[in-house]
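What follows is a set of notes on a single structure, which appears directly below.
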Amino acid sequence: MAEKPKSFLGWLGRQIGYVKGAAKTPATPAKVLYERKTVQESTLPDRPEEKLRRTVIDQVVRNDKKHS
C-alpha cells in the first residue's frame, strides 16, 4: 500500500513527475485494421431548410505494444 503523502508540496511534486513522465513517453498510434463510415441525413419536419446529419465511424484497431 502506498504511503500517505507527508505534505501538499510532496504530493504536488509527485503529480508533476507523473505528468513529465507521460509527456516524455512517445505516443504510438494504434493500427486501424478496419474502418467504416456511415452518414445519415434527414430534413427536419418543422424546419425544411435545415438537415440533421449523423456520422458514425466504426473502427477495429490493434495496439501493437505488448503488455506483460
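Taking Cα atoms only, the orientation of helix 8-24 departs from the longest principal axis of the chain by about 60 degrees.
What does the helix-only formula give at 222 nm for the chain: each DSSP H stretch with n ≥ 4 adding -39500 (n - 2.57), the total divided by the residues, and the result rounded to the nearest 500 deg cm²/dmol?
-8500 deg cm²/dmol
Between (1) 1.16; (2) 2.13; (3) 1.24, which entry matches Cα Rg over 2.2 N^0.38 Å as derived from the coordinates of this structure? For Cα Rg over 2.2 N^0.38 Å, the calculated option is (2).
For the pair Thr43 and Lys31, label points projected 7 Å from Cα toward Cβ lie 4.7 nm apart.
Taken together, the values in this text are just the output of simple stated rules run on the coordinates, not laboratory data. The shown structure was predicted, so the numbers you read here are calculated from the model rather than taken from an experiment. Cβ coordinates were reconstructed from backbone atoms using ideal geometry, including for glycine residues, and neighbour counts include every protein chain displayed.
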